[in-house]
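Take a look at the structure below.
The values are calculated or read from the model by the stated rules, or taken from the named source; none is laboratory data. These figures come from a predicted structure and were not determined experimentally. Using ideal geometry, Cβ is built from the backbone for each residue, glycine included, and neighbour counts are taken over all protein chains shown.
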Amino acid sequence: MDTNSSVTTMPVVYNLNFKDLSIDSALVEDYIGFIPENIPEPFPELIYEILSEAETRINPTGGYVIFSDLFIDNSAKRIGLGDTTFATGPIVTKHLEKSSSVAVFACTVGKEVSEWAASIHKKGNSVLSYLIDSLGSIAVESAMDQIQAKLKENMAKKGLLITNRYSPGYCGWDTQEQKHLFGLLPEKFCGISLTESMLMKPIKSVSGMVGIGREVRHRKYSCNFCNDTHCVYRNKR
């Protein structure tokens, strides 16, 4: 971990169970774009099948470290944590501007779900493989929802609020900045590492920042300001 940054907390890590994520068939159906009550066969049966097996394949873990040595430069569209500067872009910088500290987070559901999807694809069942891969994406975001809720609860005890979470690769924040982000976390935090191209391993992982402060706001994601139509946060409520 970067000892030049002011760390307000030691790393906080949560190990969750798949059941903690409250993922049901309706959530999977919505994610893959089906209209409720108009889902073609054999998708209901396939979704039921993967949900039944997911508990042994999906192992969520995640957490955060809070940093208080923070500066925000709206004119340069950047955020600094100690000696580390992030070119977060206009959207993220604006939404974190009233923060007094920042939680740097990372979360994964492990490598098993991706290995499961790859194994099924190798057997020639691309549809089932796609559903499993989609479930992995849903699971990691749902796990981070749970951890963010715990962060909110912990900060509320101190009279503080939190913002939305923001990740490199979204809202105009370059994916290459993953390197700086993970430089602030313990090595292989929650079992996550980076490739040379700054992709996370296991694949079904997320990372980023959440602002903390007395005057910050949690708001709807500003999709009208962003042209990324594949963003996982688009229209997220």
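Candidates in the range 10-27 are the residues that are in a loop (DSSP other than H, G, I, E, B) and surrounded by 14 or more Cβ atoms within 10 Å (Cβ to Cβ); of these, the one that is modelled with the lowest pLDDT is P11. Residues that are surrounded by 14 or more Cβ atoms within 10 Å (Cβ to Cβ), assigned to a loop (DSSP other than H, G, I, E, B), of a type in the set (K, R) and modelled with pLDDT of 95 or more occur in the range 37-58; there is at least one. Screening V109, V104 for residues that are closer than 15 Å to I132 by Cα, modelled with pLDDT of 95 or more and in contact with a strand residue (DSSP E or B) (Cβ under 9 Å, 6 or more places away or on another chain) leaves exactly one candidate, V109. If you go through the range 59-76 and pick out every residue that is assigned to a strand (DSSP E or B), out of contact with any Pro (no Cβ under 8 Å at 6 or more places or on another chain) and among the hydroxyl-bearing types (S, T, Y), you end up with 1. Pairing residues of the range 42-69 that are farther than 29 Å from T85 by Cβ with residues that are outside any helix (DSSP H, G or I) and aromatic (F, W, Y), at Cβ distances under 8 Å and at least 6 apart in sequence or on separate chains, gives F43/F34.
Listed by first and then second residue, the pairs with beta-carbon distance under 6 Å, at least 6 apart or on different chains, first residue in the range 125-154 and surrounded by 15 or more Cβ atoms within 10 Å (Cβ to Cβ), second of a type in the set (S, T, Y), are S134/Y31; I138/Y31; I147/Y14.
When residues in the range 118-152 are screened for being outside any helix (DSSP H, G or I) and either among the hydrophobic types (A, V, I, L, M, F, W, C) or over 16 Å from R57 (Cβ atoms) (or both), 1 of them pass. Report, by residue number, each residue of the range 77-105 that is over 15 Å from Y170 (Cα atoms) and among the aliphatic types (A, V, I, L, M). Answer for the range 77-105, where residues must be over 15 Å from Y170 (Cα atoms) and among the aliphatic types (A, V, I, L, M): I79, L81, V102, A103, V104. The residue pairs whose first member lies in the range 187-214 and is over 18 Å from R165 (Cα atoms), whose second member is basic (K, R) and part of a loop (DSSP other than H, G, I, E, B), and whose beta carbons are closer than 8 Å, counting only pairs six or more residues apart or on different chains, are K201/K111; P202/K111; I203/K111.
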